[in-house]
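The values are calculated or read from the model by the stated rules, or taken from the named source; none is laboratory data. Not measured: the values here are computed from a predicted model. Backbone-built Cβ (ideal geometry, glycine too); neighbour counts: all protein chains shown.
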Amino acid sequence: MEDVLANLLLGFQNALTPTNLLWVVIGSFLGTLVGMLPGVGPATGIAILIPVSYGMDPTTALITMCAIYYGAMFGGSIASIMINTPGDASSIVTCFDGFRMAQKGRAGAALATSAIASFIGGMIACAMVVVLAQPAASVALKFGPAEMFALILFAMTAAVTLADGKLLRGCVSLFIGLVVASIGIDGQTGILRYTMGLDVLQDGVDFLVAIIGAYAISEVFNGYAEKNVVYNIDTKSIGQVMITKEDWKAIWLPIVRSTPIAFFLGCLPGIGGSMTSLIAYTTERQMSKNPENFGKGDIVGVAAPEAANNASSTASIIPMLAIGIPSSGTTAVMLGALMMLGVQPGPMLFEQHPEIAWGVIASMFIGNIVLVIMNMPMVPYIAKLLALPQKLLLPIIICLAFMGTYMMNYSSFDFFLLILFGLMGFAMQKLDIPIPPLVLALILGDTLEKTFRQAMVASSGSLSVFKDKPIALTFLALAAVSLLYSLYQNKKSSAKAATVVEAEV
Amino acid sequence: MAITKNKVTGLVSLVIGVVYFFATRNLPESAVADPIGPKAFPTMVAVGMIAVGLLLVLKRERVTPKNKAVLFDLTTEKDLMKDIGFTCAAGLIYGLILEPVGYLISTLLFMNAMMFVTNGRRIVYNLSVGLVFSLTTYGLFFYVLDVSLPRGILAF
């Protein structure tokens, strides 16, 4: 325990330098702005803001990115409440009651509830990260290639099976990611693979370029369909961004209740904020004395999912930082950005660079405080930006994406890849193919193959290596179970759908 | 002819899987001692893609007037396709001129092309947005973040 406190102190010393503190503030602000843009979620937001971190030292970069992450989550809620347009899946639930509250003239209270619930949920989750991050890293440190392979495979199957009812399409997404990740020089043998004779592909496809394309560019393509939309925002009607004593009495218990469950779900690979906030919402509705108020502007319907959302997004930092395996699209983007800065997140990070790992954890506390202090009084002004027309925003987003891409490798060939992946992401959205499995595979594909082959070398080519290691076997079994279970669920629901259709005919 | 999203996805997976499978077979043998070599893992991925593709293509789906959402149809969105095509072309040209012409001018042009897509021919408005954007970002990166960008013909 003393260790933990000493480390945390080290972290605060690192995070509280004037430069880092300044970037927490700037990052939170920028994050709020991009998160608020209609249709732009945290993953896209971080992707287009990556260039900001160029030229920073790794600690500052990571701190800034975390700040952007929180800011974007918070900004997403503003969009949900004010214009009923969630930035990403995790703030859909906030629309249910948040937008209704705004319609009833309680926008200020809804925004305050969102800020307060996010703050409390985030702070509790941060405290849990402090306790759990180091042990998670120590466990992961003992993992050999076989265990790592099994764990990554489990993370990937989880990402696929949790993409609701899209098991097969999720697999396609994952496989395409693995194919793209295998392009370039094979790390083990030095053989060139699938470069199609192009020298520029020798080092493989830069996954950040692919990610920016798949998220940001495809988002803009989608936005073209609604380029003439202008949202009407009446910021005067927001009123005071505060809650009453009665409100507080109603929401504090749901907030505290929703946080721990959301935290543990957030640690699991594949589960993003969307699922946890929905779970928190439905649980609270079941526990509520007047469940019929939910969906009509119940303040608890804003508080619980917002707390859960923030708790799970904070928790998802653990697998990213301590094991090197992102558990959501957003943390995957962060991981990619870090690797580009030369930081390899994973168990060794806590050993070799405790100042980075703990600096980030400390900065999460600071980020939460900054956000609540900054945003509560400023929300009415920030919300005005929602009235910015799409026809101005879309070009800006696309230019930022191109700029960021160029500055990564100073290569204009990347523009070609960016456009290619933008089109691919757009096609995937049109085909209802989930994008997170693709991103996960792009980032971890190499490691998956490498660990597999290393494990095979150690056992001279026998698959029994996975059988002999209990941890590896457990993860493989979990992966298999989750696949089989979701196959079973698929069968059941499609059988149900078929009977419904027949009944209608 | 109507085709479902599942079928399209399945076909894509099948085609990539087959191409990938043969590309993998054509890889050179490894000279380094490696029990499974550089082909084994991609082969597994290829087989997986083909299997999933087949499952999706062969999946029986009933198309009723009520579940149009499962259908794949882009023909209704001609304008959108045009905008996207224009953006892609502009992006490629941006890539070609960025280094020779320099960041400021090429970004101004690219931004104007994008504004043309969303805002039409309001030239003065578009130009001013482009100018403000390219100047601010250049200044921000060059002076604040210390990242240099190509100057091109404006080098002095």
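Scanning the range A:88-105 for residues that are at pLDDT 85 or above, of a type in the set (D, E, K, R) and touching a Ser or Thr at 6+ places or on another chain (Cβ under 9 Å) yields a count of 0. Can you name every residue in the range A:50-72 that is within 14 Å of chain B (Cβ to nearest Cβ) and at pLDDT 85 or above? Listed by number, the residues that qualify are A:Thr60, A:Ala61, A:Thr64. Filtered by the rule that a residue be touching a Leu at 6+ places or on another chain (Cβ under 9 Å) and surrounded by fewer than 17 Cβ atoms within 10 Å (Cβ to Cβ), the range A:201-231 gives A:Gln202, A:Ala225, A:Val230, A:Tyr231. Checked against the criterion of being more than 25 Å from A:Ile318 (Cβ to Cβ), within 14 Å of chain B (Cβ to nearest Cβ) and modelled with pLDDT under 85, the range A:209-217 contains not a single residue that satisfies it.
Taking the criterion of being over 19 Å from A:Val139 (Cβ atoms), surrounded by fewer than 24 Cβ atoms within 10 Å (Cβ to Cβ) and not small (Gly, Ala, Ser), the residues of the range A:318-355 that qualify are A:Leu338, A:Met339, A:Met340, A:Leu341, A:Val343, A:Glu355.
One line per residue, one yes/no per condition, for (1) within 22 Å of B:Val19 (Cα to Cα); (2) of a type in the set (Asp, Glu); (3) free of Cβ contacts under 8 Å to residues at least 40 places away in the same chain:
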site: A:Glu147; (1), (2), (3): no, yes, no
site: A:Ile152; (1), (2), (3): no, no, no
site: A:Ser173; (1), (2), (3): yes, no, no
site: A:Ile183; (1), (2), (3): yes, no, yes
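Scanning the range A:222-244 for residues that are free of Cβ contacts under 8 Å to residues at least 60 places away in the same chain and within 12 Å of another protein chain (Cβ to nearest Cβ) turns up just one, A:Ala225.
Every test in (1) of a type in the set (A, V, I, L, M); (2) outside any helix (DSSP H, G or I); (3) crowded, with 17+ Cβ neighbours inside 10 Å is passed by A:Met242 save one, and that test is (3).
Here the helices (runs of 4 or more DSSP H) wholly within the range A:361-460 that include at least 1 residues being acidic (Asp, Glu), within 13 Å of another protein chain (Cβ to nearest Cβ) and over 21 Å from B:Gly95 (Cα atoms) are A:436-458.
Within the range B:98-105, one or more residues are more than 8 Å from chain A (Cβ to nearest Cβ), farther than 24 Å from A:Gly425 by Cβ, aromatic (Phe, Trp, Tyr) and touching a residue at least 24 places away in the same chain (Cβ under 8 Å). Among the candidates B:Met49, B:Met111, B:Met115, the residue that is crowded, with 18+ Cβ neighbours inside 10 Å and closer than 19 Å to A:Asp414 by Cα is uniquely B:Met111.
Of all the listed residues (B:Met49, B:Met1), the sole one being of a type outside the set (Gly, Ala, Ser) and at pLDDT 95 or above is B:Met49. Among the residues of the range B:118-150 satisfying the criterion of being buried (at least 16 other Cβ atoms within 10 Å of the Cβ) and more than 7 Å from chain A (Cβ to nearest Cβ), which is nearest to B:Asp79 (Cα to Cα)? Ranking the qualifying residues of the range B:118-150, first place goes to B:Asn126. Condition check for A:Met407 on (1) under 29 Å from A:Val229 (Cα atoms); (2) of a type outside the set (Phe, Trp, Tyr); (3) buried (at least 18 other Cβ atoms within 10 Å of the Cβ); (4) touching a residue at least 40 places away in the same chain (Cβ under 8 Å): one failure, at (1).
Looking at A:Leu431, A:Leu438, just one residue is closer than 30 Å to A:Tyr224 by Cβ, in contact with a strand residue (DSSP E or B) (Cβ under 8 Å, 6 or more places away or on another chain), surrounded by 17 or more Cβ atoms within 10 Å (Cβ to Cβ) and in contact (Cβ under 8 Å) with a residue 60 or more places away in the chain, and that residue is A:Leu431.
Of the set (1) of a type in the set (A, V, I, L, M); (2) assigned to a helix (DSSP H, G or I); (3) in contact (Cβ under 8 Å) with a residue 60 or more places away in the chain, all apply to A:Ile325 but (2).
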